[in-house]
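Taken together, the values in this text are just the output of simple stated rules run on the coordinates, not laboratory data. Predicted, not measured: the structure shown is a model, and the values here were computed from it. With ideal geometry, Cβ positions are generated from the backbone for all residues, glycine too; neighbour counts draw on all protein chains shown.
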Amino acid sequence: MSPVSRGFHGRRRVPAQQAGRVPPGQYVTEDFPVLSAGPTPHTPTGNWTFSIRQGGSVRRSWDWLQMRALPAETVTADIHCVTRWSKLGTEWQAVSMDTLLDQVEHDARYVLAFCDGGYTTNLPLADVTGGRAWLAFGFDGQPLPAEHGGPARLLVPHLYFWKSAKWVRGLDLLDADQPGFWETYGYHRYGDPWREQRYAGD
Amino acid sequence: MAGTALRGRLTWQNAKVAAVIRQTARAVTIVLDVPGWPGQRAGQHLDVRLTAEDGYRAERSYSIASAPGEPVAITVERLDDGEVSPYLTDELRAGDTLEVRGPIGGYFVWDPGKDRGPLLLVAGGSGIVPLRSILRHRERTGSTAPARLLYSSRSLAEVIYRDELDNDGAGVTVVYTLTRSQPPGWTGHAGRVDAALLAEVAWPVDGEPLAFVCGPTSFVETAAQDLVELGYQPGRVKTERFGATGGR
């Protein structure tokens, strides 16, 4: 039972029309805050590839133009950052992860996304397939800005947004779950915002 | 497992407010008495949770201002459109109870036993808070790592921990830059942190300096980028960004 904070009334109760869209402990922002570890990399699309790797070898790789030639869709999603902001109805231009993973035969159960700058994050395969994850290259109809993860980032909106790795360059297919960057620093392995899985053990 | 963070679940704990110390017109330091607190590392943060009478809750993260081994303290700057920070800066008093959990974070952390090399600390506004923990930790552990702090503040009156920073001991150089107003006779820097100022203040790269940059998003974006362009290894530029959401 939490003690009442004397004199605290709260100013950001979730409005009724947003109920059911904002996970516990989150507040809605209209801004698009930036949270990253380290300086922002700036990889020109001419040097960019997206690779699916397994056991140390590249199973399939796309350069920028090959990736952009794949079927793309506009994805509208609510996103939730572990630092407690949620942004509703964001609009992305993206290639479904299914489109990419369907081109590689495998029986992996987990993936570790890897990125420019050395960032990694782990996800169960089931969370990046079935129309629930994308490789996003556009935001609001514009190229994705570098500070928001451009040229391309993962988009996995049903998990806390650190799982939507910025500057992503590929996925490692894994048999066993392997914690990524924030996960080794005490953040939750899975990160479901609806269960408030912020930190290890939540 | 000495020295290893063998962590269980981070549970919410009741913390007694031991003192509220006014730092500037907009910032206070809140000293907490948290029974069983496991101790913080320099640069970590904690979560604060407030509960209204009707059960409504708000949580935010705040950087820890005190060094490892000191009582837990956070320094909070008031954001006028914020929900939690105005309560903490204006309403909270010694003797009140706050719910906290932590410490959190293992990336934006300085460990003098592991991280050799000169320290470059770059603060924008209340981004000084975790860097102050690092400076105090350096002092308390007798670290010989030389440190330079470049601290950007809107005005001299808004500089947090000024007395302490002006009296920092051997091996620490503090450089202020004031972006909005400078007092009469000010001989220090004015204007925003830019590549030229960083080139002047930052350690040369050949000594393998370790940089910690903390402040608002745009400040951190620019300063971190400038350091990389000066030749700093991206992996040795640690950043902590405050989203400009009015959330804190």
- Message: If you average 1/r across every pair of different Cα atoms in region A:42-110 and take the reciprocal, what Kirkwood value do you get, in Å?
- Response: 14.5
- Short version: ³J(HN,Hα) in whole Hz for each residue of region A:177-194, in order, from phi by Karplus 6.51 cos²θ - 1.76 cosθ + 1.60 (θ = phi - 60°), x for Gly and Pro, what are they? 5, 9, x, x, 4, 5, 5, 6, 9, x, 7, 5, 5, 9, x, 7, x, 6
- Query: D for chain B, whole µm²/s, Stokes-Einstein with Kirkwood Rh over alpha-carbon pairs at 25 °C and 0.890 mPa s: what number?
  - Reply: 132
- Item | Largest-first principal axis extents of the Cα set of the protein assembly as shown (Å) | 64, 56, 47
- Message: To test your reading of the geometry: what angle, between 0 and 90 degrees and rounded to tens, separates the Cα axis of helix B:217-229 from the longest principal axis of chain B?
- Response: 30
- If you count, for every residue in A:146-158, the Cβ atoms of partner chains within 10 Å of its Cβ, what is the mean? 1
- Item | Share antiparallel - DSSP beta bridges, the protein assembly as shown, percent rounded to 5 | 65
- Send over the semi-axes of region A:6-149's equivalent ellipsoid, whole angstrom and largest first, taken as the square roots of 5 times the C-alpha gyration tensor eigenvalues. 32, 17, 16
- For region B:166-179, just list the computed ³J(HN,Hα) in residue order, Karplus coefficients 6.51, -1.76 and 1.60, θ = phi - 60°, integers in Hz, with x standing in for Gly and Pro. 5, 10, 5, x, 4, x, 10, 10, 10, 10, 9, 10, 10, 8
- Distant-in-sequence amide H partners of B:Gln40 (H built 1.01 Å from N, under 5 Å): B:Gly69
- Task: Give me the percent of DSSP beta bridges within chain B that run antiparallel, rounded to the nearest 5.
- Result: 50
- Task: Run the numbers on region B:13-104 and let me know its relative contact order in percent, using alpha-carbon pairs under 8 Å that are six or more apart.
- Result: 38
- Taking the simple approach of a point 7 Å from Cα along Cα-to-Cβ for both B:Arg192 and B:Ser218, what is their distance in nm? 0.5
- Hey, could you grab the Kirkwood Rh for region B:119-242? Inverse mean 1/r over distinct alpha carbon pairs, Å, one decimal. 14.5
- Query: Just how many % of Cα pairs in region B:1-120 lie over 20 Å apart, if you round to the nearest whole percent?
  - Reply: 44
